[in-house]
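The structure appears below as structure tokens.
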Amino acid sequence: MTLQATIELGVFDIISKAGPDAKLSASEIAARMPTHNKDAPQMLDRMLWLLATHSVVDCSVVDLDRLYSLNSVSGFFATDQDGVSLGPLMALLQDKVFLDSWSQLKDAVLEGGIPFDRVHGTHAFEYPGLDSRFNQVFNKAMYNHSTIVIKNIVEVYRGFENVKQLVDVGGGLGVTLKAVTAKFPHIKGINFDLPHVIQHAPHYPSVEHVGGDMFESVPKGDAIFMKWILHDWSDEHCLRHIKENQRSITNHNHHTIVVAPSHCRHTQSTKASSPPQHPLHVRRTHQIEVSNQQSR
């Protein structure tokens with residue numbers, strides 16, 4: 001919650017705007033915030049000091065004053081040149097809808113079921129259609145995350161060069177296809193997602209938004225793109241979905257394109273505290289909460 005509050009206060013943006021190598025004290029940060037609370041600098045210092053102990057920000061001491069700077073972690077929570085960051089994704093994970101689900105984790109272990117379903121009475125991907133506020137939170141998180149990820153993909157991946165029609169399954173607001181078709185203008189993009197998602201999707205050149213159920217049918221295309229999809233479903237559902245994708249590929253010289261959320265390597269080490277594995281352990285525990293499936 002400290003990290004989320006720091007993001008909402010715009011602290012990382014304040015440090016970022018101060019320059020690429022900026023080091024600011026809590027007092028300097030507070031002076032750039034719309035607050036008249038005399039205790040704000042002290043409160044910010046305690047928050048940032050905590051984040052520094054977890055390597056979220058860097059901290060150095062000059063003349064007995066702690067100075068904070070961005071590092072490879074906190075840099076992702078500062079708004080970039082495209083106007084996006086991972087802040088909205090953190091807001092999604094810390095949203096009350098998800099936090100309430102954790103209260104059922106113990107009972108789900110003992111009695112079975114999915115914590116999210118036990119609390120809200122429906123699947124995590126059906127719930128946004130019932131809660132317009134949460135739907136906006138979810139869509140904003142996916143928009144920001146997808147913008148960051150796809151920007152790097154299109155710079156190095158050449159598999160799109162011979163694709164004429166690309167279908168993004170679970171494409172959200174269509175930002176992935178927006179980036180792909182901008183880089184490869186010969187491609188027509190089909191952005192495929194649930195109806196309550198695409199109803200808020202903006203118009204993009206060369207991108208058509210189509211609503212539907214990926215387990216029933218998938219629009220035709222030369223290739224299928226998936227990001228953050230398969231980890232949310234059982235093996236049976238994934239097989240059904242992949243088979244449906246195969247039926248939808250019109251050019252069999254191309255293959256389904258899958259972008260997995262994370263990569264899990266089995267190693268000899270069993271240390272749960274190994275730093276590179278920590279985000280993966282958090283992600284896998286979150287999967288228990290919302291779908292009880294596995295990383296793929």
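Where a number appears in this text, it was derived from the coordinates with a stated rule and is not lab data. These numbers were taken from a predicted model, which means no experiment stands behind them. Don't worry about glycine lacking a Cβ; one is built from the backbone with ideal geometry, like all the others, and counts go over all protein chains shown.
Can you list the residues, at least 5 places off or on another chain, whose amide H is less than 5 Å from the amide H of LEU194, using H built in the peptide plane?
GLY212
Check cross-link reach from LYS227 to the lysines: straight Cα distance under 22 Å, and skip same-chain residues fewer than eight apart.
The reachable lysines, counting only those whose Cα sits under 22 Å from LYS227, are LYS140, LYS151, LYS164, LYS178, LYS183, LYS188, LYS243.
Loop-only check: which trypsin sites (Lys or Arg not before Pro) in the range 31-130 are DSSP coil with at most 14 other Cβ within 10 angstrom?
Here the trypsin sites (Lys or Arg not before Pro) that fit, given the DSSP loop and packing criteria, are LYS38.
How would you order 166-174, 199-207 from highest to lowest mean count of nearby Cβ atoms within 10 Å? Before the final figure, lay out the partial values.
Working: 166-174: 25.8, 199-207: 14.8.
Top to bottom by mean Cβ count within 10 Å: 166-174, 199-207.
Once each part is reduced to its C-alpha centroid, what is the distance from the range 1-35 to the range 173-227 in angstrom?
If we compute the Cα centre of each part, the gap is 36 Å.
How do the peptides 71-78, 85-92, 120-127 rank, highest first, by the average count of neighbouring beta carbon atoms within 10 Å per residue?
Descending packing order for the listed peptides: 85-92, 71-78, 120-127.
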